[in-house]
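The values are calculated or read from the model by the stated rules, or taken from the named source; none is laboratory data. The model shown is predicted, which means the values in this text are computed figures rather than measured ones. Cβ placement follows ideal geometry from the backbone for every residue including glycine, while neighbour counts extend to all protein chains displayed. SASA here: full protein model, heavy atoms, side chains in, ligands and nucleic acids out. Shrake-Rupley method; radii C 1.70, N 1.55, O 1.52, S 1.80 Å.
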Amino acid sequence: MTTATAIACSNIALAKYWGKSPRGRNLTAVPSLSLTLSGLRTRTTVSVDATLSEDRVELGGSVASGRARERVVGLLDELRTLSRSRRFASVASHNDFPTASGLASSASGFAALALAAQAAFGLSLSRAEVSALARRGSASAARSLFPGFVELLAEAESAEPVAPGEQLDVEMLVAVTTLGPKETGSTDGMRHTQATSPYYPAWVTAAPVLFAEAKQALLARDLERLGAAMEHSTLLMHASMMAARPALIYLRDSTLRVMECVRQLRAAGSAAFFTMDAGPHVKVLVERANSARVSAALAAIPGVERVLASAPGPGAFLVEE
Ligand code: ADP
Ligand code: DP6
């Protein structure tokens, strides 16, 4: 039996990915730019075991079935082909934050799985190869292999680092608004948007422009400009979802209250900018010097359950058991 364990942190897109390329293989239709966090972690152990007659997948202490299991088995199948192995594996994974609620569990989950599984199958893939493997499981996961600010270009096989976390003196605050899984996962949500929203083509046209603006601002250490592009990216993405039929609305009343609070804090002089993924939570990019003040203001908003503060974090890494 060969065993490997990996830890990966979640990442939050500043310029969003939403939509699949027609070329398939879970390539993305638009480029994205993210920040890997130091908090919101997944720990995954993979054991390749000659005595197993099928893969065994455990997520958060419960045996996984259906689609959640199939996604993991799909990644293991690729590694069996690459390593010319017929062995099955047992996978045990734990997210230290809510799963499938819009906090990017698929990102840290598939990054940790890809890194641990390739080691357990005796491969020593390069970072780019592990990123490509993770991408086929969940495209946002490709970015969690790298630390700090990371890009995944449209139709790219793997993500690439853009700048270290220290490029900006920032933290990400996660205002958790409701707990429990969402009704529509990201994969189904983006397929539905792509198939039915008349605003989807407009999103695909605008997204690369916003990505370029956000990247330029990041490289110039211009937080105000980055923040403006970041807010526009999330609002355009959500507008395209809301125009789907039936409408896909992940935002809740508490989400809007947090957005309003961020605008007010900004008007009062705090550099703080919001972004929302496929869920009701709000992630706020904030200058580190203002983090405690902004966090306290967010925590006081009705409907905000808690606020998690996270500095920029590391790329996925293997750990000794
Ligand atoms: P989220 O907003 O949490 O990323 P998604 O709908 O994008 O929500 O992805 C959630 C799905 O990702 C889960 O239903 C499961 O299939 C998969 N997933 C989450 N965590 C893990 C993990 N630790 N290991 C493997 N797969 C995971
Ligand atoms: C809104 O990477 O979860 O968080 O590739 O189908 O697994 P799949 O989708 P996923 O989508 C992430 C969407 C997003 C924006 C982002 O992270 O870029």
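Check segment 136-154 and report whether any residue there is without any contact (Cβ under 8 Å) to a residue 24 or more places away in the chain and open to solvent by 10 Å² or more (accessible area, probe 1.4 Å).
no
Considering every residue within segment 5-20, establish whether at least one is under 18 Å from A142 (Cβ atoms), within 16 Å of ligand 2 (Cβ to nearest atom) and over 19 Å from the mean Cα position of the chain (by Cα). Walk me through how you get there before you give the answer.
Within segment 5-20, the first condition is being under 18 Å from A142 (Cβ atoms), and the residues that meet it are 6-20.
Still in the list and also within 16 Å of ligand 2 (Cβ to nearest atom): 8-20.
With the extra rule that they be over 19 Å from the mean Cα position of the chain (by Cα), the set shrinks to none.
No; the residues of segment 5-20 include none that is under 18 Å from A142 (Cβ atoms), within 16 Å of ligand 2 (Cβ to nearest atom) and over 19 Å from the mean Cα position of the chain (by Cα).
So which residues in segment 223-251 are part of a loop (DSSP other than H, G, I, E, B) and crowded, with 17+ Cβ neighbours inside 10 Å?
Pass one, segment 223-251, residues part of a loop (DSSP other than H, G, I, E, B): 243-251.
Matches in segment 223-251: A243, A244, L248, Y250, L251.
Of all residues being part of a helix (DSSP H, G or I) and among the polar types (S, T, N, Q) in segment 165-214, which is nearest to R288 (Cα to Cα)? Just the residue, please.
Per the criteria, the residue is Q167.
State whether one or more residues within segment 146-158 are assigned to a helix (DSSP H, G or I) and over 19 Å from F211 (Cβ atoms).
Checking segment 146-158: not a single residue is assigned to a helix (DSSP H, G or I) and over 19 Å from F211 (Cβ atoms).
Kindly provide the set of residues from segment 75-122 that are within 15 Å of ligand 2 (Cβ to nearest atom), touching a Gly at 6+ places or on another chain (Cβ under 9 Å), assigned to a helix (DSSP H, G or I) and among the hydroxyl-bearing types (S, T, Y), ordered by number.
S106
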